[in-house]
Each structure stands twice: as structure tokens, then as C-alpha cells.
Amino acid sequence: MLSRLALRPTFARSLLASSRAPNSRGIVTLSPNVLYLSSAVADQPGRAGTAKSLTDQPLELKFARPKTIGGKGNGQTPEQLLAMALSTSFLDAMNLAASKQGKNGITANARVHAAAFLGHPEKGREGFGLSTSIVVENVEDDELILAARELCPFTRALTEGIEVKVMKRAAPSEDEAEASE
């Protein structure tokens, strides 16, 4: 069903496309007052290994490369998680926007379909790139959908950018490894 909805021209698609910032991109940074932290660790071999959350609600998943990129397809993918996070966060943002606008009940039957596409980036860059789409079902209020787009942390991160810190940690010494066991 998502593929049919994602390919059908809809007001949501045109809204999202028309609301992009003009060729400039800033970075969204957080105030020191962080509201929630989630962390995870992935084990080798990455897309064909395991990952587990290290925060309040434990979750461990087996990942697998999709068959379309040479894998066995017998596990989850990061793109599945992104699509799930995007759809739930956008729906929550729509509910918040409806509440702020005094339009309670307008989202009672709303559904949000999200897709994450993995492919090769244009312009000769190496590696992989991502693209996403969102289709809102059962909500006709364009103003509400645009407001949700601005409130949703995932659409904001994907369109405006976020700070990404990459650090390294030295492997523990033998003494440290024994002490932690």
C-alpha cells in the first residue's frame, strides 16, 4: 500500500517539496537542557551484525543487508528503523500541532506512511545516500501538515541537518578488560 501511496501525487508530497529551505542549510543544535537520551551499540559486521539499545527500554535487533545490495535479507535494516521513527514522530508532531491550533480530533483517524530509500548519491560521491518520503492519510488540513513538518525532530534533522560528533575510544587494556568482567 505504501508504494501506491508514495507514487500517487498528493497534496502532502507537494507541500513537503514546496516547504524546503532555499539552497541553504543550517545545523540544528540543542540547548544544554536535553530532554531524552537514547544510545546504542552495534557489533561487527555492521549491517549484518547486531545492535542493541543501552537506555531505558532495552531493544536488540539482528541486522542484515537487503538482498538488493548483496545480503541475505534475513534481518532488519537501518532504513526500516528510520521509516518507523519518521512515521511515528511525524504523527506525534501532527497531534501536537493540532492541539496547539485548537483542532483536537482532526487527527483521530490519521495515519502516516514513511519510506526510507537507500541508493547511490548523485554527483559522483562514493558510498550510499538516503531519501525519505512521508504520506499523510486522512488529514486534509495543509496548515496542520506543514506545522507538523516544522515540529517533527526527524523531518527537521533530515531537512536542516544536525550536529554529528564522531569520536574514537581506545580499546581497554587487558587489566581494564579483566576488571570489567
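The values are calculated or read from the model by the stated rules, or taken from the named source; none is laboratory data. Computed from a predicted model, the values in this text were never measured in an experiment. Positions of Cβ are backbone-derived with ideal geometry, glycine not excepted, and every protein chain shown enters the neighbour counts. In case anyone asks, the SASA skips ligands and DNA or RNA and just uses the protein heavy atoms, side chains included. Shrake-Rupley method; radii C 1.70, N 1.55, O 1.52, S 1.80 Å.
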**Request:** Using a 1.4 angstrom probe, figure out how much accessible area region 62-101 has per residue, in square angstrom, rounded to the nearest whole.
**Result:** 56
**Item:** Candidate residues T77, T29: accessible-area rank, largest first, probe 1.4 Å
**Value:** T29, T77
**Request:** Name the residues whose placed amide hydrogens come within less than 5 Å of the amide hydrogen of I162, ignoring near sequence neighbours (fewer than 5 apart) on the same chain.
**Result:** V28
**Complete:** Within region 114-166, DSSP-loop GluC sites (Glu not before Pro) with at most 12 other C-beta atoms within 10 Å are E122, E126, E140, E163
**Item:** Per-selection metrics, region 58-119 (Cα): Rg and Dmax in Å
**Value:** 16.1, 50
**Complete:** Any chymotrypsin sites (Phe, Trp or Tyr not before Pro) in region 89-130 that lie in a DSSP loop and have at most 12 other Cβ atoms within 10 Å would be F128
**Request:** Give me the net charge of E143's neighbourhood, meaning all other residues with Cβ under 14 Å from the Cβ of E143; Lys, Arg count +1, Asp, Glu -1.
**Result:** -1
**Prompt:** In bins 5 Å wide, starting from 0, what share of all Cα pairs of region 84-181 does each bin hold, as a percent?
**Reply:** 2, 11, 17, 16, 12, 9, 8, 8, 8, 5, 4, 2, 0
**Prompt:** Rounded, prolate or oblate: which fits region 13-144 when a ≥ b ≥ c are the square roots of the eigenvalues of the alpha-carbon gyration tensor, with rounded for a/c under 1.5 and prolate only if a/b beats b/c?
**Reply:** prolate
**Complete:** Going residue by residue through region 140-145, the Karplus relation 6.51 cos²θ - 1.76 cosθ + 1.60 with θ = phi - 60° gives ³J(HN,Hα) values, rounded to whole Hz and with x marking Gly or Pro, of 9, 7, 4, 4, 5, 5
